[in-house]
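I have a structure here, written as structure tokens, and I will follow up with some questions on it.
The values are calculated or read from the model by the stated rules, or taken from the named source; none is laboratory data. Keep in mind that this is a model prediction, so the values were computed, not measured. Positions of Cβ are backbone-derived with ideal geometry, glycine not excepted, and every protein chain shown enters the neighbour counts. For accessibility, only protein heavy atoms count, side chains too; no ligands or nucleic acids. Shrake-Rupley method; radii C 1.70, N 1.55, O 1.52, S 1.80 Å.
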Amino acid sequence: MTPQTLIETCLARGIRLWTDGTGALRFSALPGAMDDALKAQLSENRGTLAAHLSGRTDLPLNALQRAYLAGQAAEDLDLGGIAPLYYLELAGERLDADRLDAALAEMTAVHAVLGMSLAGTADGSPVLRPVEGPVPRIARIACATPAERAALQARMMEGPQDPERFPLFDLRLSRLAGTPDHLHILIDLTLLDAHSGALFISELLARSRGAAPRPLAVTAAGLRALEKESADDRAWWQARLADLPEAPALPLKQPLHELRRPRFARVEGILSAPGWQTLRDRAQEHGITPSACLGTVLAETLGIWAGSGEDCLLSLTLFQRPGTHPDRDAVLGDFTNLLPLACPVRAETPLAHMRQVQERFWQAAAHAGCSGTEILAALARHRNRPGRAAAPVVFTSLLGRGSAGPVSLIPEGMTQCAALSQTPQVALDCQVHEDRGALRISWDHAADLFDTNGLAEAFSAHLGRLEALAAAPDWTALPPASFRTPAAAPDAPRLGRMPAATRPAFEAALDAGRIAECWAEVLPGFDGRRDIGFFEAGGSSLLAVRLQAALSRAAGRDVPIHIVFDHPTVLAQAAAFSPKPQPPARAASRRRFRQMAQSRGSTTRG
């Protein structure tokens, strides 16, 4: 019996297992729940159970975490070369730094993932691995001017360069005379998803104020062990790749593939608490979920901005915590999946539109048992755009998360001063969450990709449409939304209408035999066939980055990632290399990312 199975057996009998701060196994049981046989099993497996419950074991990455790592490593992917980060700055009255440190130490003992960093296993698979050493502390920053405090955000967002750094979060407390204290929080989304990030912030502040949450009887490793991949769901999506629409054709300032290491910015607005209450109640009267209502208005806005009535493809963020354990919603980790959603951008009435979007969502969500990132990668290959961003517009809803109701990113007694997120291969991420009864809507976007005025007009129209829906008593009589953005040039590049990128010539001396050896380095089961596609042979986006590194070592110079995506077979890659060798190029400044993405057992931290 595996540790997780034994834990679930106990839970079914009304027995809770957990570990205390020393790592010892503890339990509570209903009268008569523990028989001699189960007691013997617990005694025999005490050490294994304690290690499992404490989470002090390697934690494999899910598909989205692996995609983050690949996108961070490869600058020449669309919108690549950046770390997946979330920054939040909160203001509150005098915060006690020592109490925050103590709270962080308590949480690290409870949530093993906080004491982990990225590492590689013997077979080259990336994992989150426990780090031995002191518990992270919160940095104290004394600021002389408001500008100095404001500059902290940029410094923190630009700081993370090494994917193996520890910790994968950064907490700073800034003080400026005559102002409230500010808590600056930076979280690597490879470690914690948005739901877990909200839990982390809330629990940190609660513990610093004296709260003592009860011990958890399940860990991130325990939940990860319950995740299953559905072959039927994968086949369902594969059969529909040809029918999926393009991303919304938003006008761009430059082609997607020309933007390297994008800089992100945020526009944000609030729907008042009364307006949000009315909107939510009216949606529910019609059998529409709040998230479906909001997603529909986003799709409508994007369609008008794009000047197109065609369906568009969005990526929906799903927070999928497997199992039914009562503690699962309190566990910190990354349990995120992406759901591709083909959205109509208009209908006869707003209500009809919402019903169409909701119906499509339920249909897609019924087949969410496979990796959305891998489905999107398959879609890019199907369209002969391997490595390109197939659905770079994202909708992230934090509504209705958790057994106790919606999770707030802004704890009681604190005020949000600034927030921003960025993830590889994302052009725009619309995020919605509740804030003291109101609805906060934000668009995090690649700032150098969109016209500033056009994006501002579209966002204003998005918020205005929500306000109009809240004020309208009859959603079947409300006229269609309309707004104008600055006219784009006829030949302006557009999202969702991306031709294949023009690739510069690449010269290196590599023949098919040497390339096949590189494939064998990263694909242990590779049978040597030279006409099979890399992804058909078991490759993935992360393995593509490892293959890029292996080819670079063999060529004696940096090989661009597009060689792997644009030329999927050994023979095609051999044809892509010129026989004329070039002198070795200066090592890329971001080689450290590639070392992490391809490492075989390396656990070195710089």
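Using the structure shown, decide if LEU168 is of a type in the set (A, V, I, L, M) and at positive phi.
So LEU168 does not fit the description; no.
Which number in (1) modelled with pLDDT of 90 or more; (2) assigned to a loop (DSSP other than H, G, I, E, B) marks the one condition that TRP519 misses?
So TRP519 meets the others, but not (2).
Any residue in region 145-167 that is farther than 12 Å from GLU89 by Cβ sitting within a Cβ distance under 6 Å of a residue that is open to solvent by 60 Å² or more (accessible area, probe 1.4 Å)? List the pairs, counting only those 6 or more apart or interchain.
ASP162/ARG592; ASP162/GLY606; GLU164/ARG605
I've got another one for you. Find all pairs meeting these conditions: Cβ atoms under 7 angstrom apart; at least six residues apart or on different chains; first residue within region 68-88 and touching a residue at least 24 places away in the same chain (Cβ under 8 Å) and open to solvent by less than 10 Å² (accessible area, probe 1.4 Å); second residue assigned to a loop (DSSP other than H, G, I, E, B) and of a type in the set (Asp, Glu).
GLY81/GLU75
A further question follows. Search region 270-289 for residues that are assigned to a loop (DSSP other than H, G, I, E, B) and pair each with any residue that is of a type outside the set (Phe, Trp, Tyr) and open to solvent by less than 50 Å² (accessible area, probe 1.4 Å) when their beta-carbon atoms are under 8 Å apart and the residues are at least 6 apart or on different chains.
The qualifying pairs are SER272/ALA438; HIS286/LEU351; HIS286/MET354; ILE288/LEU351; ILE288/MET354; ILE288/GLN358; THR289/ALA283; THR289/GLN358.
Additional query: Considering only residues that are of a type in the set (A, V, I, L, M, F, W, C) and crowded, with 17+ Cβ neighbours inside 10 Å, which ones fall in region 242-265?
Of everything in region 242-265, those that are of a type in the set (A, V, I, L, M, F, W, C) and crowded, with 17+ Cβ neighbours inside 10 Å turn out to be LEU244, ALA247, ALA249, LEU250, LEU252, LEU256, LEU259, PHE264.
Hey, another quick one. Looking only at region 447-462, count every residue that is under 18 Å from GLN431 (Cβ atoms) and open to solvent by less than 30 Å² (accessible area, probe 1.4 Å) and tell me the total.
So the count comes out to 8.
Scan ASP444, ASP435 and give me the residue that is touching a residue at least 24 places away in the same chain (Cβ under 8 Å), touching a strand residue (DSSP E or B) at 6+ places or on another chain (Cβ under 8 Å) and crowded, with 21+ Cβ neighbours inside 10 Å. Before the answer, list the steps.
Values: ASP435 fails: crowded, with 21+ Cβ neighbours inside 10 Å.
Of the residues listed, the single one that is touching a residue at least 24 places away in the same chain (Cβ under 8 Å), touching a strand residue (DSSP E or B) at 6+ places or on another chain (Cβ under 8 Å) and crowded, with 21+ Cβ neighbours inside 10 Å is ASP444.
Then there is this: Considering only residues that are among the polar types (S, T, N, Q) and part of a helix (DSSP H, G or I), which ones fall in region 208-242?
If the condition is that a residue be among the polar types (S, T, N, Q) and part of a helix (DSSP H, G or I), then SER208, GLN238 are the ones that fit.
Within region 364-373, is there a residue that is in a strand (DSSP E or B), within 30 Å of LEU478 (Cβ to Cβ) and open to solvent by 10 Å² or more (accessible area, probe 1.4 Å)?
Within region 364-373 (the criterion being in a strand (DSSP E or B), within 30 Å of LEU478 (Cβ to Cβ) and open to solvent by 10 Å² or more (accessible area, probe 1.4 Å)), the answer is no, since none of the residues qualifies.
Mind counting the residues in region 154-187 that are open to solvent by 10 Å² or more (accessible area, probe 1.4 Å) and β-branched (Val, Ile, Thr)?
Number of matching residues: 1.
Taking the condition part of a loop (DSSP other than H, G, I, E, B), in contact with an Asp or Glu (Cβ under 8 Å, 6 or more places away or on another chain) and at pLDDT 95 or above, does PRO245 pass?
Yes, satisfied.
Of the residues in region 139-166, how many are over 18 Å from LEU191 (Cα atoms) and either in a strand (DSSP E or B) or touching a Leu at 6+ places or on another chain (Cβ under 9 Å) (or both)?
Kept after step one, since they are over 18 Å from LEU191 (Cα atoms), are these residues of region 139-166: 139-155.
In the following step, the residues that additionally are either in a strand (DSSP E or B) or touching a Leu at 6+ places or on another chain (Cβ under 9 Å) (or both) were identified as 139-146, 148-149, 153.
Selection size over region 139-166: 11.
Right, something else. Going by the conditions given, is ARG557 under 23 Å from LEU77 (Cα atoms), open to solvent by 70 Å² or more (accessible area, probe 1.4 Å) and in contact (Cβ under 8 Å) with a residue 12 or more places away in the chain?
Against the criterion (under 23 Å from LEU77 (Cα atoms), open to solvent by 70 Å² or more (accessible area, probe 1.4 Å) and in contact (Cβ under 8 Å) with a residue 12 or more places away in the chain), ARG557 does not qualify.
Mind checking which pairs have a first residue in region 183-195 that is under 16 Å from VAL426 (Cα atoms) and a second that is of a type in the set (Gly, Ala, Ser) and open to solvent by less than 10 Å² (accessible area, probe 1.4 Å), Cβ under 7 Å, 6 or more apart or different chains?
What qualifies is ASP188/ALA83.
Mind checking which residues of region 470-497 are in a loop (DSSP other than H, G, I, E, B), in contact with a helix residue (DSSP H, G or I) (Cβ under 7 Å, 6 or more places away or on another chain) and among the small types (Gly, Ala, Ser)?
Once the filter is applied, which keeps residues that are in a loop (DSSP other than H, G, I, E, B), in contact with a helix residue (DSSP H, G or I) (Cβ under 7 Å, 6 or more places away or on another chain) and among the small types (Gly, Ala, Ser), region 470-497 yields ALA481, SER482.
Sort out which residues of region 188-219 are under 22 Å from ASP58 (Cβ atoms), open to solvent by 10 Å² or more (accessible area, probe 1.4 Å) and within 21 Å of the chain's Cα centre (by Cα), and write them in order of number.
LEU189, THR219
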